[in-house]
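Encoded as structure tokens, the structure appears first; notes follow it.
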Amino acid sequence: MSGTHLAAHLPTHLPTHLPPELAYSSPWPDWAQPLLSARQLVLKRGGRGLCANFDFEIHAGECVAILGPNGAGKTTLLHALAGLRAADGGAVSLGGKPYAQWALAEAARLRGLLPQHAPAHFAATVLETVLIGRHPHLGRWGWESERDERIARAALACVGLAGFEVREVSALSGGENQRVALATLLAQTPRLFLLDEPLNHLDLHHQIVVLDLLRVLADGGGAVVMAVHDLDLAARYADRVILFDGAGGVVAGTHAEVMSDARLSHAFAHPLRRVEIEGQAVFLPG
Amino acid sequence: MRPTHGRAIRPLTGFIVLLLAVAGALGWALAAGSMTVTVADVFSALFGAGDSMGAQVVRELRFSRALSAFACGGLLGLAGALMQVLLRNPLADPYILGISGGAALGALGGILAGLTALWVDAGALGGALAATLLVFGLAHGDGSWTQTRLLLTGVIVAAGCGAGVTLMLALAPAGQVHSMLFWLMGDASAANRPWTVLAVLGAALALVLPFGRDLNVLARGGLSAAALGVNVGRMRRALYGLASLCTAAAVTTVGAVGFVGLVVPHLVRLVLGNDQRILLPATVLGGGILLTVADTLARTVVAPRQLPVGVLTALIGVPVFLFLLARQPERG
């Protein structure tokens, strides 16, 4: 579905294929199962309900955007979907199996998370940082091989950071650091990409580069779930949208279904108007 | 081994230099002292059955002291490096969580009560372990085991111990204050059981080295590490326990020698980078060298008087550290 959806209106610099180094290395356990499913999921934080009895599935090929105001539960949902936070009710399954039944490294080869913040406390070069993403693929005594280094370099090239390998991460700009974090996630070669505000600090060009890349990853048999704040880009790139309303309500569906004037204005507590320009939905704040 | 990616020198070169320095430091520690010992005496004491006066001094006095100093330096360096990963703070040292404070309370209490050296050591060990458990218990209390909470609890417990130490110093009769001050600044003159600390050091290294890459990942933050398949909770508890045991073993043997645990991991990081698989063994060697050299100086520079070894670790470490920092290219 998404291939045609893309070709209609995307710019010419769209990467149409992934470098072979970044292909998924771990076979998916069971193709009959969705990559990820949440059943009757309940999430709370600080005693406040973020979502209740939320059902959700994501299949290979899909790109899903999580929208909502600050503090509505986007990050909490991503952490729960990544198996890094216990749900307050319900169950999350990766490939049909609850996270508790996965070995940690095995799960890490199948799903990856881009955290919202990952500040560097110690000096490290860009290449060293990206090689961290290879951790779940290496054995107890394994050192990063030539192949791992090729994967890391290919990941850097994908986010436009070829030639940055020996630079210190502390000397990079905010946007460059964000792209290093994205390259680290690419080097992990998971099948399911969970991204917490992947567009943070990125200039417009790199926002599109990254979204195109995520689209390619999904089209190639992976899946993407990302929390974003840009409604226009969410409507343009996501097959489906999860909208938090900030008061414990969550809806999921296509952007045509979910991103209505009324729903968005209610969720963001700000008047929003949806207009179509050249077949694309654009959202104007009032 | 991988290329250095812009590091100052290759790891292999670094280890060769460090091992030569270890041999040099230990050799000097055996040869130097108020009684002149020839190189032949040292060799016959170590490898033969030499029973000359010099060989006996080397074998019975200097050998165990030099090895103890080396092992304790290695333990303090290792503990510092582990604490820095655990707290994700390059300024952490082995004493930051109050271990030396607890040990000092125990040891000074023993000195104040006029106990023998063995009981003073036992008091130090007991105090160190009590402080470790106290900090762990308090920080772990409600299950939210964050670095900030751990750090705050440790600093507060250390401050409490510091007050207790000051109180003991104020109350102690003049004759005991001197030995108390020596204990506080670090003193290896009574360190004559090298095999215990060496065994602790070997066991700690054997436990931690297989997890070197996990530590690299953990240094990037708990969330990233968990997403990459590291069992963060278990790893943090193990790090805390191991660093505490290393510190307790060292403090019990040579007292609260400062500076080694903070500065040696830093020095190694400046030269060899922050890959824990290289950093940890290099830090052990570097810490051992620093403390061995400092202890040899402590007992020779104003012989026959002995200086507290902690003064010398600082006197050597500060200029070396500042020199390396000054010629280090900008890295933000």
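Some points to look at:
- The GNM of chain B, with springs linking C-alpha atoms under 10 angstrom apart, assigns the highest mean-square fluctuation among B:Ser52, B:Ser179, B:Ser244 to B:Ser52.
- Cα centroid separation, segment B:183-255 to segment A:112-126 (Å): 24
- Rounded to the nearest 20, the Cβ-based charge dipole of the protein assembly as shown about its Cα centre (Lys and Arg +1, Asp and Glu -1) stands at 960 debye.
- Max mean-square fluctuation residue, GNM over chain A, Cα-Cα springs under 10 Å, options A:Ser93, A:Ser145, A:Ser37: A:Ser145
- Gyration tensor (alpha-carbon) shape descriptor, segment A:184-286, a/c threshold 1.5: prolate
- Anisotropy class of segment B:11-327 from Cα gyration tensor, a/c 1.5 cut: oblate
- Rounded, prolate or oblate (a/c below 1.5 giving rounded, otherwise prolate when a/b exceeds b/c) for segment A:72-186 by Cα gyration tensor: oblate
- Dipole of the protein assembly as shown computed with +1 at Lys/Arg Cβ and -1 at Asp/Glu Cβ about the Cα centre; of A:Ala100, B:Ala31, B:Met185, farthest Cα towards the positive end is B:Ala31.
- The protein assembly as shown: antiparallel DSSP beta bridges as a percent of all, rounded to 5: 60
- Remark: mean inter-chain Cβ contacts per residue of B:208-219 equal 3, using a 10 Å Cβ-Cβ cutoff to other protein chain atoms.
- Interchain or long-range residues, amide H under 5 Å from A:Leu195's placed H: A:Leu114, A:Val225, A:Met226, A:Ala227
- Antiparallel content of DSSP bridges confined to chain A, in %, to 5: 60
- Highest average packing first - A:71-79, B:57-65, Cβ atoms within 10 Å: A:71-79, B:57-65
- Lys, Arg +1 and Asp, Glu -1 on Cβ, resulting dipole of segment B:11-327 about Cα centre, debye, nearest 20: 580
- Ratio of the Cα radius of gyration of segment B:89-157 to 2.2 N^0.38 Å, where N counts its residues: 1.24
- Taking amide H as placed 1.01 Å from N in the peptide plane, A:Leu36 has its amide H under 5 Å from the amide H of A:Ile58, A:Gly95, each at least 5 places away in sequence or on another chain.
- Residue among B:Ala32, B:Ala71, B:Ala256 with the largest mean-square fluctuation in a Gaussian network model of chain B, springs linking Cα atoms under 10 Å: B:Ala32
- The residue among A:Ala183, B:Ala158, A:Val42 whose Cα reaches farthest toward the positive pole of the charge dipole of the protein assembly as shown, with charges on the beta-carbon of Lys, Arg, Asp and Glu, is B:Ala158.
- Ranked by the mean number of other Cβ atoms within 10 Å per residue, highest first, peptides B:278-290, A:166-178 order as B:278-290, A:166-178.
- Relative protection proxy for B:100-109, B:295-304, from highest mean packing down: B:100-109, B:295-304 (other beta-carbon atoms within 10 angstrom).
- Hydrodynamic radius by Kirkwood, which averages 1/r over all alpha carbon pairs of segment B:218-332, in angstrom: 16.2
- Based on the convex hull around the alpha carbon atoms, the protein assembly as shown presents an average projected area of 31.6 nm².
- Among the residues of A:118-129, the average count of other protein chain beta-carbon atoms within 10 Å of the residue beta-carbon is 6.
- MRE, 222 nm, helices only [DSSP H, n ≥ 4, -39500 (n - 2.57), over chain A, to nearest 500]: -8500 deg cm²/dmol
- Simple point charges give the picture: +1 on the Cβ of Lys and Arg, -1 on the Cβ of Asp and Glu, and for chain A a dipole about the Cα centre of about 640 debye.
- 5 angstrom amide H check on A:Lys44, placed H, neighbours 5+ away: A:Leu50, A:Asp88
- For the residues of B:225-237, the average number of beta carbons from a partner chain within 10 Å of their own beta carbon is 5.
Just so you know, all these numbers are worked out from the coordinates, no wet-lab data involved. Keep in mind that this is a model prediction, so the values were computed, not measured. Ideal geometry is used to build each Cβ from the backbone, glycine not excepted, and the neighbour counts take in all protein chains shown.
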